[in-house]
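This report refers to the structure that appears directly beneath it.
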Amino acid sequence: MKASAMGEDLQKLGLDAKALPSLNRLPPEKLRQVMKTFNKALGTQCTGCHEANDFHAPTKNKKIASKMWDLYVRGLVAEDGGPVFCDSCHEGKMEFLDRHDKKALSAWMDENFVKKLKRVDKKENGCETCHGDPFEPHILATWVK
Ligand code: HEC
Ligand code: HEC
Ligand code: HEC
């Protein structure tokens, strides 16, 4: 987990990586440009989230992406105070968690998503920031159901 390396891409669009507005506040032209930053940060294409012939149609990955924008990108900063954007966690990949050993993954989460991130609301960051209390392992499924 590192501070975003895409601050400049966002700046070119007139956006401050540390003070991003909610997605539905972006004028259509700017929203379209922000989409290209998603492609780059996740190493995907528009159809990674959209149906090719209907960009307005709701999809699972659109729902997840909006949640990640609101809760993670707008809600967290790096431990050094630097901005968090999609690339901070995704580093050019849609999927990047190694889930085969849950114990090792929990240790990885603590190292990367707890110790290396801070909450914008200044509350202490812990597993419950994202997983809630009681602990919900399948966050994404709760967002798309
Ligand atoms: C990581 C997922 C993701 C990728 C990749 C992505 N989009 Fe989006 N797109 C979204 C989300 C999320 C919204 C906003 C949905 C909302 O809040 O209504 C959106 C909205 C849009 C909209 C407005 C329609 C709407 O539903 O609001 C257009 C047009 C669009 N995207 C085009 C593109 C294009 C063109 C690309 C490739 C350059 C692209 N998107 C790549 C997630 C994605
Ligand atoms: C704090 C870390 C973090 C940030 C920041 C973050 N994500 Fe994610 N995202 C994750 C994790 C963890 C997963 C699950 C990955 C896996 O299964 O390997 C994920 C999964 C996703 C998926 C589903 C991929 C799939 O195929 O299952 C999408 C889409 C996505 N993120 C979009 C985004 C977008 C767009 C942004 C920026 C607005 C973003 N994420 C920012 C951590 C993050
Ligand atoms: C910044 C957000 C964030 C924090 C903080 C966080 N996680 Fe996660 N974690 C995720 C996301 C997102 C996923 C993917 C969830 C999904 O696939 O539905 C995930 C997945 C997991 C999984 C895999 C679940 C499965 O069954 O595949 C484990 C285990 C896990 N986290 C443990 C932890 C532990 C333990 C902590 C605290 C030390 C923690 N996480 C902190 C975001 C976070």
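The values are calculated or read from the model by the stated rules, or taken from the named source; none is laboratory data. The structure presented is a predicted model; accordingly, all values stated were derived computationally and were not measured. When we count neighbours, we look across all protein chains shown, and the Cβ atoms used for this are built from the backbone with ideal geometry, even at glycine. Surface areas here come from the heavy atoms of the whole protein model, side chains and all, with no ligands, DNA or RNA. Shrake-Rupley method; radii C 1.70, N 1.55, O 1.52, S 1.80 Å.
A few points about this structure:
- Some residue of segment 37-51 being within 12 Å of ligand 2 (Cβ to nearest atom), in a loop (DSSP other than H, G, I, E, B) and touching a Phe, Trp or Tyr at 6+ places or on another chain (Cβ under 8 Å): yes
- Single residue of segment 37-68 satisfying the filter (touching a Cys at 6+ places or on another chain (Cβ under 8 Å) and in contact (Cβ under 8 Å) with a residue 12 or more places away in the chain) that is farthest from ligand 3 (Cβ to nearest atom): THR37
- ASN125 vs. criteria in contact with a strand residue (DSSP E or B) (Cβ under 7 Å, 6 or more places away or on another chain), farther than 24 Å from GLN11 by Cβ and not small (Gly, Ala, Ser): yes
- Flag for MET6 being modelled with pLDDT of 95 or more and under 14 Å from the mean Cα position of the chain (by Cα): yes
- Filter result (assigned to a loop (DSSP other than H, G, I, E, B) and open to solvent by 70 Å² or more (accessible area, probe 1.4 Å)) within segment 97-108: ASP98, ARG99, HIS100
- So GLY92, is it of a type in the set (Gly, Ala, Ser), at pLDDT 95 or above and either within 27 Å of GLU8 (Cα to Cα) or open to solvent by 40 Å² or more (accessible area, probe 1.4 Å) (or both): yes
- Where a residue in segment 84-98 is within 7 Å of ALA41 (Cα to Cα) and its partner, wherever it lies, is within 14 Å of ligand 1 (Cβ to nearest atom) and not basic (Lys, Arg), with Cβ under 6 Å and at least six apart: CYS86/ALA41; ASP87/MET6; ASP87/ALA41; HIS90/ALA41; HIS90/LEU42; GLY92/GLY43
- Residues in segment 45-77 that are open to solvent by less than 30 Å² (accessible area, probe 1.4 Å), within 10 Å of ligand 1 (Cβ to nearest atom) and under 26 Å from LYS116 (Cα atoms): ILE64, ALA65, TRP69.
- LYS145 vs. criteria closer than 26 Å to HIS50 by Cβ, without any contact (Cβ under 8 Å) to a residue 40 or more places away in the chain and over 17 Å from the mean Cα position of the chain (by Cα): yes
- Considered as a group, the residues in segment 117-142 that are of a type in the set (Asp, Glu) and either part of a helix (DSSP H, G or I) or within 14 Å of ligand 2 (Cβ to nearest atom) (or both) include one that is most open to solvent (accessible area, probe 1.4 Å), and that residue is GLU128.
- When ASP80 is tested against the conditions (1) within 15 Å of ligand 3 (Cβ to nearest atom); (2) open to solvent by 30 Å² or more (accessible area, probe 1.4 Å); (3) in contact (Cβ under 8 Å) with a residue 60 or more places away in the chain, the lone failure is (1).
- In the set (1) under 24 Å from MET6 (Cα atoms); (2) hydrophobic (A, V, I, L, M, F, W, C); (3) within 10 Å of ligand 2 (Cβ to nearest atom), VAL114 fails one condition alone, (3).
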